[in-house]
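Once you've had a glance at the structure underneath, I'll fire off some questions.
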Amino acid sequence: MAFQMLGVAVGWQIYAITGSAMYLGLVGLAQFLPMFLLTLVVGHVADRYDRRNIARICQTIEGLSAGVLALASFGGWQSKESILLIIFIVGAARAFEGPTLHALLPGLVPVQIFPRAAAWSSSAMQTATIVGPALGGFLYAAGPAIVYLTTGIVFLAASVFVALIRIERLPLRHEPVSVRSVFAGVSYIKSHREILGAISLDLFAVLLGGATALLPVYARDILVTGPWGLGLLRSAPAVGALMMSVYLARHPLRRRVGRSMFRAVAVFGAATILFAVSTSFLFSFSLLVILGASDVISVVIRHSLVQIRTPDEMRGRVSAVNSMFIGASNQLGEFESGVTAALFGTVPAVLIGGIGTIFVVMLWMRFFPQLAEVDTLDR
């Protein structure tokens with residue numbers, strides 16, 4: 001929830017300072033670069049040390065970073081450079097936090113019910129994604145510093161909650177560091193074509209079809225609304241994702257899951273195309289709901305495939321590579337959206353991305369037949 005609140009405040013403030021879609025893209029790039037640079041280090045750390053402590057440290061760093069943004073806004077010395085620097089630090093912390101938490105989850109539940117657990121985990125995250133942007137948008141009316149201060153408090157609360165986790169199966173195996181062990185996660189994914197196909201499909205679909213970075217432009221210039229409208233638009237995909245994740249938790253996908261993933265990504269692309277040309281707030285909100293619902297199907301399938309089919313002693317390294325892919329699709333996708341919007345305009349950029357997503361689906365069905373042939377999420 002804190003990260004989503006932070007996204008609303010940073011996006012609105014940096015666009016207000018610069019008036020440039022390019023800087024919205026640079027925010028995404030600032031989050032992606034540390035994830036890309038630290039991927040191999042993150043995996044080894046997550047497999048060698050207590051994953052709870054890693055997550056706590058990262059969330060504390062994120063809370064302190066939000067506090068610095070609050071001080072800068074209170075003091076009136078906030079600038080586009082200071083925002084990008086702090087977001088880079090937050091991105092470095094999240095580079096460690098994400099894979100660590102993903103690798104921690106399989107040790108908390110039996111493998112037989114992991115797909116349901118993944119769906120419930122997704123529903124909890126989507127609930128926060130709904131509440132966070134909406135709360136951030138409404139609090140922004142009192143100033144960005146209030147949003148950042150609240151965000152810092154919530155990040156620190158998260159670190160306390162992680163400390164309360166009790167788990168017996170801690171990662172105690174310390175494999176010697178070597179070139180082979182460092183790249184073990186990459187090698188594992190390359191040797192399992194269905195996992196490689198699922199991860200790369202999600203990467204290119206969101207990389208091309210992600211319109212989230214440009215929502216401040218849509219809210220302010222196309223749909224003519226304020227920070228509250230931006231908060232609702234950012235929450236809309238999570239509304240759809242929450243409804244779908246709750247459904248999947250109660251009615252998990254049992255057969256033909258590979259083809260279900262391809263269909264879901266195709267719907268994601270179609271919703272993006274329609275959103276690109278919409279000028280109605282309600283219609284745009286509805287399309288983002290559909291976009292989120294289709295996306296969570298892909299997320300649950302990918303997450304379950306990666307975690308169920310990966311040995312525990314390698315989950316940190318595999319999850320790190322997976323998170324780098326996902327970070328590329330989200331943060332680097334925001335950078336791509338900002339660049340194409342600066343070159344071609346906001347609407348053409350989102351339209352091109354939606355068309356590209358559907359094209360990727362057709363290509364991946366040909367390149368990764370192993371993914372299309374996946375019938376169940378069991379081992």
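If we keep just the residues of segment 203-219 that are out of contact with any Phe, Trp or Tyr (no Cβ under 7 Å at 6 or more places or on another chain) and at pLDDT below 85, which is farthest from Met5 (Cα to Cα)? So that I can check it myself, show each step before the final result.
Taking segment 203-219 first, the residues out of contact with any Phe, Trp or Tyr (no Cβ under 7 Å at 6 or more places or on another chain) are 204, 206-208, 210, 212-215, 217-219.
Still in the list and also at pLDDT below 85: 204, 206-208, 210, 212-214.
Working: Phe204: 26, Val206: 21, Leu207: 22, Leu208: 24, Gly210: 19, Thr212: 14, Ala213: 14, Leu214: 16 Å.
Result: Phe204.
Condition check ((1) within 29 Å of Leu232 (Cα to Cα); (2) buried (at least 21 other Cβ atoms within 10 Å of the Cβ)) across all residues:
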site: Ala2; (1), (2): yes, yes
site: Gly11; (1), (2): yes, yes
site: Gln31; (1), (2): yes, yes
site: Ala46; (1), (2): no, yes
site: Cys58; (1), (2): yes, yes
site: Leu84; (1), (2): yes, no
site: Ala103; (1), (2): no, yes
site: Ala118; (1), (2): yes, yes
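Would you call Val267 part of a helix (DSSP H, G or I) and within 17 Å of the chain's Cα centre (by Cα)? It would help to see each step written out before you state the result.
On the way: part of a helix (DSSP H, G or I): yes; within 17 Å of the chain's Cα centre (by Cα): no.
For Val267, the condition - part of a helix (DSSP H, G or I) and within 17 Å of the chain's Cα centre (by Cα) - is not met.
Please name all residue pairs, on different chains or six or more residues apart, with Cβ atoms under 6 Å, provided the first residue is in segment 23-40 and is without any contact (Cβ under 8 Å) to a residue 60 or more places away in the chain and the second residue is of a type in the set (A, V, I, L, M).
Leu38/Ala95
For segment 135-151, which residues satisfy the criterion of being small (Gly, Ala, Ser) and crowded, with 23+ Cβ neighbours inside 10 Å?
Gly136, Gly137
Taking the criterion of being within 30 Å of Gly143 (Cα to Cα), of a type outside the set (Val, Ile, Thr) and at pLDDT below 90, would at least one residue in segment 242-253 satisfy it?
Yes: segment 242-253 contains one or more residues that are within 30 Å of Gly143 (Cα to Cα), of a type outside the set (Val, Ile, Thr) and at pLDDT below 90.
Further, regarding this structure: Which of the residues that make up segment 350-375 are loosely packed, with under 15 Cβ neighbours inside 10 Å and not in a helix (DSSP H, G or I)?
Glu373, Asp375
Could you tell me which of the residues Arg166, Arg193, Arg180 is over 26 Å from Gly226 (Cα atoms), at pLDDT below 80 and not β-branched (Val, Ile, Thr)?
Details: Arg166 fails: at pLDDT below 80; Arg193 fails: at pLDDT below 80.
Criteria check complete, one pass: Arg180.
Still on this structure, I have one more. Which numbered condition in (1) at pLDDT below 90; (2) buried (at least 23 other Cβ atoms within 10 Å of the Cβ); (3) closer than 18 Å to Val318 by Cα is the only one that Val27 fails?
If we test Val27 against (1) at pLDDT below 90; (2) buried (at least 23 other Cβ atoms within 10 Å of the Cβ); (3) closer than 18 Å to Val318 by Cα, just (3) comes out false.
Just one of the numbered conditions (1) assigned to a helix (DSSP H, G or I); (2) touching a residue at least 60 places away in the same chain (Cβ under 8 Å) is not true of Ala219; which one?
Condition (2) is where Ala219 drops out.
Does segment 73-88 hold any residues that are free of Cβ contacts under 8 Å to residues at least 40 places away in the same chain and within 17 Å of Met5 (Cβ to Cβ), and which are they?
Result: Ile86, single match.
May I ask you to verify whether Ala92 is at pLDDT 80 or above, over 29 Å from Thr39 (Cβ atoms) and of a type in the set (A, V, I, L, M, F, W, C)?
Considered against the rule, which asks whether it is at pLDDT 80 or above, over 29 Å from Thr39 (Cβ atoms) and of a type in the set (A, V, I, L, M, F, W, C), Ala92 comes out as no.
Can we say Pro110 is surrounded by fewer than 17 Cβ atoms within 10 Å (Cβ to Cβ) and either modelled with pLDDT under 80 or out of contact with any Pro (no Cβ under 6 Å at 6 or more places or on another chain) (or both)? Outline the logic, then answer.
Numbers: surrounded by fewer than 17 Cβ atoms within 10 Å (Cβ to Cβ): yes; either modelled with pLDDT under 80 or out of contact with any Pro (no Cβ under 6 Å at 6 or more places or on another chain) (or both): yes.
For Pro110, the condition - surrounded by fewer than 17 Cβ atoms within 10 Å (Cβ to Cβ) and either modelled with pLDDT under 80 or out of contact with any Pro (no Cβ under 6 Å at 6 or more places or on another chain) (or both) - is met.
From Leu248, Leu253, Leu242, which residue is outside any helix (DSSP H, G or I), within 30 Å of Gly107 (Cα to Cα) and not polar (S, T, N, Q)? Walk me through it before giving the result.
Working: Leu248 fails: outside any helix (DSSP H, G or I); Leu242 fails: outside any helix (DSSP H, G or I).
After ruling out the rest, the residue left standing is Leu253.
If you go through segment 273-282 one residue at a time, do you hit one that is part of a helix (DSSP H, G or I), under 24 Å from Thr127 (Cβ atoms) and either free of Cβ contacts under 8 Å to residues at least 60 places away in the same chain or among the β-branched types (Val, Ile, Thr) (or both)?
Yes, the conditions are met somewhere in segment 273-282.
If I filter segment 263-270 for residues that are modelled with pLDDT of 85 or more, among the basic types (Lys, Arg) and over 30 Å from Asp221 (Cβ atoms), do I get at least one hit?
Taking every residue of segment 263-270 in turn, at least one turns out to be modelled with pLDDT of 85 or more, among the basic types (Lys, Arg) and over 30 Å from Asp221 (Cβ atoms).
The values are calculated or read from the model by the stated rules, or taken from the named source; none is laboratory data. For clarity, every value in this text was computed on a predicted model and none was experimentally measured. A quick note on method: Cβ atoms are made from the backbone with ideal geometry, for glycine too, and the neighbour counts reach across all protein chains shown.
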